[in-house]
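First the structure, in the form of structure tokens, and then the observations on it.
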């Protein structure tokens, strides 16, 4: 005979209803508003540049604007070729990068690999003070000290307003940004990589340049691109020290004009609102925005390509 076996069903336990945490919802709302404000601000900046720039391009051919070699929008016989401003901007950014990139990277390697904790605690505040100096002060420093020093002490025959002195001071201004970001990237490299290099017989210089720097290359590239973008967007140093002569030249001893210098000098209220001269400010501003956007997109691609992930 077979006995029937009765299996008891497990009791159904009702889970308590999840309580709404109003504090977390409030924090979520605040963070969403902050993100939305940043996005809306960017959209507003783009629209404020784009709409007057489109009105400008209805009167001036974009082909003439981007390929013209004469920039004289405030003259009676106006010329709207933006190439001199673009060349001046890129030339000053290039020479300042030659100053800032190696010095900034060298400072970062020293702080990350060589400096004692006391030296780091002493040097980092000095770097922050250098980054906090107003750019208008640096501009007058370039005009009243660096230019006479180049002419009288070094023997470089530069113009009173020249790209060389502006580039040197601008490069010095970029050192704290590049050094700080690069040092943060190197500090994120695991200690095991360094110990492995020392175990194989490498000295500190070899570990620093052949292990730590390649491992942190994505962060270093991001620091370089950020520094170059800041050089492209700098206004007061180039406005005071580089001059306002729009010409296509690759000689840093000459006077040049950058996009930001033109915007700063022209947008002071002397140009009638709504005129074609007034709209040039937004056209060159949109050009500068596109240039920085392209550089940021390139930096994102490079950072993603060379990023090292450690667990």
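May I ask you to list the residues in the stretch 233-242 that are surrounded by 20 or more Cβ atoms within 10 Å (Cβ to Cβ) and more than 11 Å from residue 163 (Cα to Cα)?
Scanning the stretch 233-242 gives a single hit, 234.
If I go through the stretch 260-307 residue by residue, how many of them are under 24 Å from the mean Cα position of the chain (by Cα), modelled with pLDDT under 80 and over 21 Å from residue 234 (Cα atoms)?
6
Given the criteria closer than 30 Å to residue 307 by Cα and crowded, with 17+ Cβ neighbours inside 10 Å, does residue 99 qualify? Before the answer, list the steps.
Values: closer than 30 Å to residue 307 by Cα: yes; crowded, with 17+ Cβ neighbours inside 10 Å: yes.
Against the criterion (closer than 30 Å to residue 307 by Cα and crowded, with 17+ Cβ neighbours inside 10 Å), residue 99 qualifies.
Please determine, by comparing only the residues of the stretch 152-168 that are modelled with pLDDT of 90 or more and outside any loop (DSSP other than H, G, I, E, B), which one is nearest to the chain's Cα centre (by Cα).
For the stretch 152-168, the residue satisfying everything is 167.
Looking at 245, 288, which one is in a helix (DSSP H, G or I), touching a residue at least 24 places away in the same chain (Cβ under 8 Å) and either in the same structural domain as residue 113 (by TED's automatic domain parsing) or surrounded by 21 or more Cβ atoms within 10 Å (Cβ to Cβ) (or both)? So that I can check it myself, show each step before the final result.
Details: 245 fails: in a helix (DSSP H, G or I).
Residue meeting the stated conditions: 288.
In the stretch 73-102, how many residues are assigned to a helix (DSSP H, G or I) and closer than 27 Å to residue 264 by Cβ?
Of the residues in that region, 19 qualify.
Filter the stretch 169-210 for residues that are more than 17 Å from the chain's Cα centre (by Cα) and surrounded by 19 or more Cβ atoms within 10 Å (Cβ to Cβ) and give the result.
If the condition is that a residue be more than 17 Å from the chain's Cα centre (by Cα) and surrounded by 19 or more Cβ atoms within 10 Å (Cβ to Cβ), then 186, 189, 207, 208 are the ones that fit.
Considering only the stretch 113-135, state which residues are outside any helix (DSSP H, G or I) and buried (at least 17 other Cβ atoms within 10 Å of the Cβ).
115
Test each condition in (1) crowded, with 20+ Cβ neighbours inside 10 Å; (2) farther than 13 Å from residue 174 by Cβ for residue 93 and report the one that comes out false.
Tallying (1) crowded, with 20+ Cβ neighbours inside 10 Å; (2) farther than 13 Å from residue 174 by Cβ, residue 93 fails exactly one: (2).
Yes or no: the stretch 262-273 includes at least one residue that is touching a residue at least 40 places away in the same chain (Cβ under 8 Å), in the same structural domain as residue 142 (by TED's automatic domain parsing) and surrounded by fewer than 17 Cβ atoms within 10 Å (Cβ to Cβ).
Looking through the stretch 262-273, none of the residues is touching a residue at least 40 places away in the same chain (Cβ under 8 Å), in the same structural domain as residue 142 (by TED's automatic domain parsing) and surrounded by fewer than 17 Cβ atoms within 10 Å (Cβ to Cβ).
Kindly provide the set of residues from the stretch 136-159 that are without any contact (Cβ under 8 Å) to a residue 40 or more places away in the chain, surrounded by fewer than 13 Cβ atoms within 10 Å (Cβ to Cβ) and within 20 Å of residue 250 (Cα to Cα), ordered by number.
155
The values are calculated or read from the model by the stated rules, or taken from the named source; none is laboratory data. Since the structure is predicted, the reported quantities are computational estimates derived from the model, not experimental observations. Here Cβ is always computed from backbone atoms with ideal geometry, including for glycine, and neighbour counts include all displayed protein chains.
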